[in-house]
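What follows is one structure encoded as structure tokens, with my remarks underneath.
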Amino acid sequence: MHTEARLSQLNYGVIDGLNAEEVSVRYAEVATMLAADDNWAPPGGESCTEVRKRAMAALAAIAKRHPGKRVLVVTHAEVVANIGDDITGGSRGLSMKNAALSLIRWDHGRWSLVLWGDTGEFCVGCRPGYYIVDTAAALRLLGVGVMAGAVLGLGIGAVLARGRSRR
């Protein structure tokens, strides 16, 4: 198992740790700007564009280290959503539910989405690819003993995001 800091949760700066209601009351302008501009970052935080750059760089490094292999990547739902948006060229068009599974594939120098936001069971018959699982899904899988089997079945272990979880 390997940790990868570039897959850690977004740094929300001044609004880190606040719920949506607290943000709307204390930092209404921050919530508005975050929703409007991928390049804008809250004070002390980072933008969605910055998150995409670091997450995609991490995925490229993982793909390079493990060519042609299956890799399970565990990270936060918002990081996964930003990865999906980068792959599809979208701007926050994709959302990710907690405890959802997604499958992306590196093929001919390009990432593609194969499975997005599946909240069902881990897809046993999937072709080789890079599995991105949000943190809640990983914990759910660990809780029922599926993750260890899935990781062993993938053949090389997992890459985990290192960093705090936003609550």
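If you go through region 145-159 one residue at a time, do you hit one that is surrounded by fewer than 16 Cβ atoms within 10 Å (Cβ to Cβ) and at pLDDT 55 or above? Looking for residues that are surrounded by fewer than 16 Cβ atoms within 10 Å (Cβ to Cβ) and at pLDDT 55 or above, one finds none in region 145-159, hence no.
When PRO43 is tested against (1) under 19 Å from the mean Cα position of the chain (by Cα); (2) touching a residue at least 12 places away in the same chain (Cβ under 8 Å), only condition (1) is not met. The single condition among (1) closer than 18 Å to GLU4 by Cα; (2) part of a helix (DSSP H, G or I) that LEU34 does not satisfy is (1).
Looking at region 54-66, which of its residues are modelled with pLDDT under 90 and over 18 Å from VAL114 (Cβ atoms)?
Across region 54-66, the qualifying residues are LYS64, ARG65.
When you look at ILE87, is it free of Cβ contacts under 8 Å to residues at least 40 places away in the same chain, touching a helix residue (DSSP H, G or I) at 6+ places or on another chain (Cβ under 9 Å) and either surrounded by 12 or more Cβ atoms within 10 Å (Cβ to Cβ) or β-branched (Val, Ile, Thr) (or both), yes or no? Answer is yes for this residue.
Taking the stated definitions as given, is LEU59 closer than 26 Å to GLY109 by Cβ and of a type outside the set (S, T, N, Q)? Considered against the rule, which asks whether it is closer than 26 Å to GLY109 by Cβ and of a type outside the set (S, T, N, Q), LEU59 comes out as yes.
Out of region 71-86, which residues are closer than 21 Å to ALA99 by Cβ and in a helix (DSSP H, G or I)?
ALA77, GLU78, VAL79, VAL80, ALA81, ASN82, ILE83, GLY84, ASP85
Scanning region 28-53 for residues that are small (Gly, Ala, Ser), at pLDDT below 90 and surrounded by 12 or more Cβ atoms within 10 Å (Cβ to Cβ) gives a single hit, ALA31. Summed over region 1-27, the residues that are surrounded by fewer than 15 Cβ atoms within 10 Å (Cβ to Cβ), more than 18 Å from the chain's Cα centre (by Cα) and at pLDDT 85 or above give a count of 9.
So is ARG6 free of Cβ contacts under 8 Å to residues at least 12 places away in the same chain and either in contact with an Asp or Glu (Cβ under 6 Å, 6 or more places away or on another chain) or not acidic (Asp, Glu) (or both) or not? Criteria not met by ARG6.
The number of residues in region 101-116 being surrounded by fewer than 19 Cβ atoms within 10 Å (Cβ to Cβ) and aliphatic (A, V, I, L, M) comes to 3.
Taking GLY68 as meeting all but one of (1) out of contact with any Gly (no Cβ under 8 Å at 6 or more places or on another chain); (2) in a strand (DSSP E or B), write down the number of the exception. Looking at each condition in turn, GLY68 falls short on (2). ALA99 meets the conditions (1) touching a residue at least 12 places away in the same chain (Cβ under 8 Å); (2) in a helix (DSSP H, G or I); (3) under 24 Å from GLY117 (Cβ atoms) in every case but one. The failed one is (2).
The values are calculated or read from the model by the stated rules, or taken from the named source; none is laboratory data. Since the model is a prediction, treat every value here as computed from it, not as a measurement. When we count neighbours, we look across all protein chains shown, and the Cβ atoms used for this are built from the backbone with ideal geometry, even at glycine.
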